[in-house]
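A.B. asks: Pasting in a structure now, in structure tokens, and then I'll have a few things to ask.
The values are calculated or read from the model by the stated rules, or taken from the named source; none is laboratory data. Here the structure is a predicted model, which means the values were calculated and not measured. Backbone-built Cβ (ideal geometry, glycine too); neighbour counts: all protein chains shown.
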């Protein structure tokens, strides 16, 4: 039972951190997702 609570707490903290820092990186996570999708579709490589 304690491990489930610990895992849930870690998940909440991780999600909160990604949400917080994701908004301050200027869409960095979205840019990464777009690049991964382009690589999967065998399109041109992403540039910064």
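A.B. asks: Please go through (1) in contact with a helix residue (DSSP H, G or I) (Cβ under 9 Å, 6 or more places away or on another chain); (2) surrounded by 10 or more Cβ atoms within 10 Å (Cβ to Cβ); (3) modelled with pLDDT under 75 for residue 18 and return the number of the only condition it doesn't satisfy.
C.D. replies: (3)
A.B. asks: Only residues in the range 1-23 that are farther than 25 Å from residue 33 by Cα count as the first member; pair them with residues that are surrounded by fewer than 10 Cβ atoms within 10 Å (Cβ to Cβ), Cβ under 9 angstrom, at least 6 apart or cross-chain, and list the lot.
C.D. replies: Close Cβ pairs (under 9 Å, with a partner that is surrounded by fewer than 10 Cβ atoms within 10 Å (Cβ to Cβ)) do not exist here.
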